[in-house]
Amino acid sequence: MLTASLFIAAISACSGSGPQSSLEPEGPIAQDIDDLWEFVLILATIVLVIVLAVFVISLIRFRERKDDQRRPRQVHGNTRLEIAWTILPAVLLAVLAVPTVQGIFDIRTPPEGPDVLQIKVTGHQWWWEFEYPDITSDDGRTLLTANELHIPAGTRVNLTMTSADVIHSFWVPPLNGKRDVVPGRVSFLTLVASEEALVADNGFGPGVVLGQCAEFCGLAHADMRLRVFVETPEDFEAWAQQQLEPAAVPTEGAAAAGFETFNQVCTACHQATVSQPDGTVETIGLENFIEARGADSPFWSSFGPNLTHFGSRTTFGGASLDNVTDHLTQWLANPSDLKPMAPEYNDLAEGRILGMPNFGLAPDEIANLVELLQRWE
Amino acid sequence: MAVTAERVDLRPPGERGVWSWLTTVDHKRIGLLYGVTAFAFFFIGGLEALLIRLQLAQANGEVLSADAYNQLFTMHGLTMVFLVIMPIAAAFTNYFLPILIGARDVAFPRLNAFSYWLFLFSGIMIYSSFVVGGSPDGAWVGYSPLATQITETVRMDYWAIGLNLLGVASIASSANFIATVFTMRAPGMTMLRMPVFAWMALVVAFLLIFSLPPVAIGLFQLFLDRNFGALFYQAAAGGDPLLWQHLFWLFGHPEVYVLILPAMGIISEILPVFSRKPLFGYEFVVFSGAAIGFVGFGVWAHHMFTSGMGPVAEAGFGIATMIIAVPTGVKIFNWIGTTWGGRIRFQTPMLFSLAFIAMFVIGGLSGVTHAVVPADTQQHDSYYVVAHFHYVLFGGAVFGYVAGVYYWFPKWTGRMLHEGWGKVHFWLMLIGFNLTFAPMHILGLNGMPRRTYQYGEGLGWDFWNLIATVGAFTIGVSFLLFLGNILWARTRGIPAGNDPWDGRTLEWTISSPPPVHNFDVEPVVHSLDDFWHRKYAEDEEGRLVKMPAVTGGTLVETGGEGEGDTHDAHEDIHMPSPSYYPALSSLGLVITGYGLIYLSWGWAAVVVGMMITLWGLFGWSLEPITREEH
């Protein structure tokens, strides 16, 4: 009983700690949910305190004392009292039901209008693919990235989500509740980040909030994380334009050798849009994907993250690893050392990708690839 | 006579030795088998929990690999639900349901044995997966298409087949308990004179009968998807992954009440005894239990508030979930009303029952916060949910069953558990429990998802995870004390006598442990809490007056026709004979199960297993019901 009140106190004391907390909303939707939660919490706490107080009073008052000769009255019940305490909770719950139903329809109404930013989300084991269908280059390519979502502050973002394999759940607690990402179905989630989110820093830099997959999706479920970068509309626009640029094919040095390896090995699953020295732009790896999956364009666009601007990301491996030379080197030597995966079960034709295999790359090949990927900012 | 001798060889009536336990059809022995088995599985499931807590004690834990962790949390859930709490409830029901309603056994004693052996063999089968290449690792809910994704290993086949076999065992015992309640009650034991525990056992039996078929179908579909290329849950082929969730939770939510209602029944027995007052509002408690069971079928989709059912369904299931809080609240208030005005003795069974109420209030209220759908979209699949259901199933159910052990241990063994060590156990368990699970509310709200083998630094989760781990080990220590207490008290506890607690119900009228036939003379029941009214009367103010003529527990009531001396009556009682056919039939089913798991070469085992089961069923139906005695 004491512990109960202690833990309520602890919740209030520790509320809002952490970059992935639902108790520190960074946008109006999460704020509404948090307000509703606090209303329920207060109501529940009042009920808890009253019920436990009566309970404890009863236990103290009617405890058996030494040489206690009391003969308790044999009360079998009290219909009026019992009806009262059947109706009272019902009334209380009816009070709770009103904002609940309102809230449901609020959070489930997709945003509409020309100012809404559309993003397609595909859950993969174990990474997130993001496509911005309305942000296109002159030659018709859409903006593709992975694990790190960039959104402008104050703009309503509509996520249209599905899964490439098993059920995932998209959850960025400071921006909204979670929404399952189900194969064969499309689900929607609205994100809105407030202006304050631009400067809020929870240890991962200003404007960065964290999320992760919330539906158990197999071996590396815990490492299927994501980051959301809240930016000013200008910064977002600049980022988007930069991401649409093709990556340059290096012509000399380690990076050029790395590109050779990339073209031979990595493109089995990854894609990159590159510009050749002669100026032609092509997406390498795309053919392999179409060959394996058929010509019908699926919702998602590749087996592994698009690497065109890999160097510009702060993390990789489902946002579970900082994008630094050490990690990248270890990863290319044996990916499963850094993140639990099961590439032995990969079956491209079936679309079953359970992680990046160890390709047995030589140390110099790895160094060259690292050079290339870091250059592709 | 020669025939008789052969029969005796086959089915010895012995009361000792392994063979006597293998062939027993005595509901009390089967109850004890259920209890001991469940307790053993409890330590295994607890060990899994401790490993999980060790791994999560700090950020980036390295104690377990992701693969090991996923197996352990899957098996922890599966074990605690199917191999611990359900069978411990079955243990109490088996042992006490017949006695509480004044019967000499359950309606179908051999079917009862069959249920137990099938449960035990299935449990062993599921655990054998650890040695042959890995245990189930897709969470106890086994969401497809994850559960159907990797068909190269048989891990999830163990889960699908194992759960279905356990379901068969549960359906059989449920049918048995329903028949027992409806047909075996002693004269005068009307439905509304039955102890609340018997009522709850009845409600649970109905819940299982109606809820297991949907999940059985789902499990078979899943098995077909995995092994025969069926496409029930394969989205790419037009199947629907959400179908599985509906079928699973249509079972899974009533299952929650299957786990908690017997514990509610137990504390509804204990509270009046230790308050020296009748249960406040017996009818309200009984009917609220039935109402919980009924409404429990209409709330399954509150486990799916984030799956995208659409706002109308979400609102409907949210409100239905709130409605279920009403009968639950009624129970709480009636329990508190029972203590009000009583003379409360704080002995161990009472302490655990009181903790049940307090912890269940917390778990119930956090459950109401789940019904607030927008808030649930943050709580769902986070540690907040883990906290909630442990407050209900550990703070509730486990505390209730431990209370039951302290309360009825004297009846099982004739000896009392050590009261002092019991109190140490109680406080350690209560403190450890709250240290473990209260912080999980905060972790969940701070964004920590469940079923994750690791979490990174800088998320603000380290401190509370460490506290939770400390709490978990405190719980572990408390249960070692409990185990020690049980082992010690079995032989050295204070002799209990028939009625150590000044009880109210029929089990306290008979010796401890009870004779094989329970009652020398079939009891005749005149009221609710019949035994109590034989000991106490009420004065004109409704106050308790001890009846001088009767000393508790030694009373023998002779029934209407029970003339003559009780010894003769005893001689005439025919108890069902031991039989090994139930164990044999269930063994055949489990062999069949193994065959299905290793289908590529296991068809032979399927054939052999089915033959054995058929052999068992034939023997079962053809053996004489009662062994010839003369």
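What the table below lists for this structure:
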read-out	value
Evaluation of A:LEU307 against (1) within 14 Å of another protein chain (Cβ to nearest Cβ); (2) within 26 Å of A:TYR132 (Cβ to Cβ); (3) under 25 Å from the mean Cα position of the chain (by Cα) (one fails), failing number	(1)
Hits in the range B:395-418 - residues which are among the charged types (D, E, K, R) and not in a helix (DSSP H, G or I)	B:ARG415
Single match in B:VAL386, B:VAL424, B:VAL392, B:VAL361 (criterion: more than 10 Å from chain A (Cβ to nearest Cβ), free of Cβ contacts under 8 Å to residues at least 60 places away in the same chain, in contact with a helix residue (DSSP H, G or I) (Cβ under 7 Å, 6 or more places away or on another chain) and in a helix (DSSP H, G or I))	B:VAL424
Unmet criterion (only one of (1) outside any helix (DSSP H, G or I); (2) hydrophobic (A, V, I, L, M, F, W, C); (3) away from every other protein chain (no Cβ under 14 Å)) for B:PHE531	(1)
Residue ID - nearest to B:ASP376 (Cα to Cα), chosen from residues in the range A:142-181 that are outside any loop (DSSP other than H, G, I, E, B) and among the charged types (D, E, K, R)	A:ARG179
Count of residues meeting criterion [over 18 Å from B:ASP225 (Cβ atoms) and either free of Cβ contacts under 8 Å to residues at least 40 places away in the same chain or facing chain A (nearest Cβ under 9 Å) (or both)] in the range B:131-154	3
When residues of the range B:280-308 are limited to those that are within 21 Å of B:TRP244 (Cβ to Cβ) and surrounded by fewer than 18 Cβ atoms within 10 Å (Cβ to Cβ), the one farthest from the other protein chains (Cβ to nearest Cβ)	B:PHE297
Filter result (among the hydroxyl-bearing types (Ser, Thr, Tyr) and surrounded by 21 or more Cβ atoms within 10 Å (Cβ to Cβ)) within the range B:500-512	B:THR505, B:THR509, B:SER512
Checklist (1) more than 9 Å from chain B (Cβ to nearest Cβ); (2) surrounded by fewer than 14 Cβ atoms within 10 Å (Cβ to Cβ) applied to A:GLU38, failing item	(2)
Qualifying positions in the range A:109-166 - free of Cβ contacts under 8 Å to residues at least 24 places away in the same chain, surrounded by 17 or more Cβ atoms within 10 Å (Cβ to Cβ) and either in contact with a Gly (Cβ under 9 Å, 6 or more places away or on another chain) or of a type in the set (Gly, Ala, Ser) (or both)	none
Residue within the range B:493-502 that is part of a helix (DSSP H, G or I), within 24 Å of B:ALA397 (Cα to Cα) and in contact (Cβ under 8 Å) with a residue 24 or more places away in the chain present	no
From the options B:GLY484, B:GLY497, residue that is surrounded by fewer than 22 Cβ atoms within 10 Å (Cβ to Cβ) and either in contact with a helix residue (DSSP H, G or I) (Cβ under 7 Å, 6 or more places away or on another chain) or at pLDDT below 95 (or both)	B:GLY497
Any pair with Cβ under 8 angstrom, 6 or more apart, that starts in the range A:61-88 at a residue that is more than 7 Å from chain B (Cβ to nearest Cβ) and ends at one that is surrounded by 12 or more Cβ atoms within 10 Å (Cβ to Cβ) and in a helix (DSSP H, G or I)	A:ASN78/B:GLY337; A:LEU81/B:GLY337
Residues that are part of a helix (DSSP H, G or I) and among the basic types (Lys, Arg), drawn from the range B:91-120	B:ARG110
Odd one out for B:THR413 among (1) within 14 Å of chain A (Cβ to nearest Cβ); (2) over 30 Å from A:LEU175 (Cβ atoms); (3) surrounded by fewer than 24 Cβ atoms within 10 Å (Cβ to Cβ)	(1)
Of residues in the range B:335-357 being of a type in the set (Gly, Ala, Ser), surrounded by 24 or more Cβ atoms within 10 Å (Cβ to Cβ) and facing another protein chain (nearest Cβ under 9 Å), the one farthest from the chain's Cα centre (by Cα)	B:GLY342
Residue within the range A:243-256 that is within 24 Å of the chain's Cα centre (by Cα), surrounded by fewer than 22 Cβ atoms within 10 Å (Cβ to Cβ) and more than 14 Å from every other protein chain (Cβ to nearest Cβ) present	yes
The range B:436-455 - residue that is more than 8 Å from chain A (Cβ to nearest Cβ) and out of contact with any strand residue (DSSP E or B) (no Cβ under 7 Å at 6 or more places or on another chain) and, of those, surrounded by the fewest Cβ atoms within 10 Å (Cβ to Cβ)	B:THR436
Matching helices (runs of 4 or more DSSP H) fully within the range A:232-342 where at least 1 residues are without any contact (Cβ under 8 Å) to a residue 40 or more places away in the chain, β-branched (Val, Ile, Thr) and more than 25 Å from A:PRO206 (Cβ to Cβ)	A:286-293
Selection within the range B:205-243 - within 14 Å of chain A (Cβ to nearest Cβ) and touching a Phe, Trp or Tyr at 6+ places or on another chain (Cβ under 6 Å)	B:ASP225, B:TYR233, B:GLY239, B:PRO241
Any hit, the range B:370-382, residues being in contact (Cβ under 8 Å) with a residue 60 or more places away in the chain, more than 9 Å from chain A (Cβ to nearest Cβ) and under 23 Å from B:VAL258 (Cα atoms)	yes
Residue within the range B:35-55 that is at pLDDT 95 or above and within 30 Å of B:MET191 (Cβ to Cβ) present	yes
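Table: residues versus (1) of a type in the set (A, V, I, L, M, F, W, C); (2) within 11 Å of chain B (Cβ to nearest Cβ); (3) within 20 Å of A:LEU143 (Cα to Cα); (4) surrounded by 24 or more Cβ atoms within 10 Å (Cβ to Cβ).
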position: A:PRO173; (1), (2), (3), (4): no, yes, no, yes
position: A:ASP180; (1), (2), (3), (4): no, yes, no, yes
position: A:LEU189; (1), (2), (3), (4): yes, yes, yes, yes
position: A:ALA193; (1), (2), (3), (4): yes, no, no, yes
position: A:GLY203; (1), (2), (3), (4): no, yes, no, no
position: A:ALA214; (1), (2), (3), (4): yes, yes, no, yes
position: A:PHE229; (1), (2), (3), (4): yes, no, yes, no
position: A:ALA240; (1), (2), (3), (4): yes, no, yes, no
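The values are calculated or read from the model by the stated rules, or taken from the named source; none is laboratory data. Keep in mind that this is a model prediction, so the values were computed, not measured. Cβ coordinates were reconstructed from backbone atoms using ideal geometry, including for glycine residues, and neighbour counts include every protein chain displayed.
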